Structure formats: structure tokens, C-alpha cells
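Participant: Got a structure for you, written out below as C-alpha cells; questions coming shortly.
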Amino acid sequence: MAAGASLVRRGERAPWGGYRGYFADPDGFLWEICFNPVFAMDETGAVRLP
């Protein structure tokens, strides 16, 4: 928000067990941010599916 984005939907628990939220960048492009505490990540930050 400090850089000019607008909040579209606050972060909330998702039906699949993680969390998600949405914002629009200054150009109006919509972004979804997700977090799933169950999936492990490797040393590069890539998700490792079970």
C-alpha cells in the first residue's frame, strides 16, 4: 500500500488450508498472494509438492 497498491481483499484462510489475499498494483494489475504452511520449500524458494 505504501508503494501505491490498493487492497482488493484482505488475507484470509482459504478452503484448501492455507491463506490468500489480493491487491492491485498502481497500474491496476491484480495479484493474488498465497501461503500454504503444509508445502515445503527448497533452498531456492520453490515449492516442493508432496
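The values are calculated or read from the model by the stated rules, or taken from the named source; none is laboratory data. These figures come from a predicted structure and were not determined experimentally. Cβ placement follows ideal geometry from the backbone for every residue including glycine, while neighbour counts extend to all protein chains displayed.
Participant: So, in the stretch 29-39, of the ones that are at pLDDT below 95 and exposed (fewer than 10 other Cβ atoms within 10 Å of the Cβ), which residue ends up farthest from M1 (Cα to Cα)?
Facilitator: Here the residue is V38.
Participant: Listed residues G21, G11, G17; which is under 14 Å from the mean Cα position of the chain (by Cα) and at positive phi?
Facilitator: Checking each option against the conditions leaves just G17.
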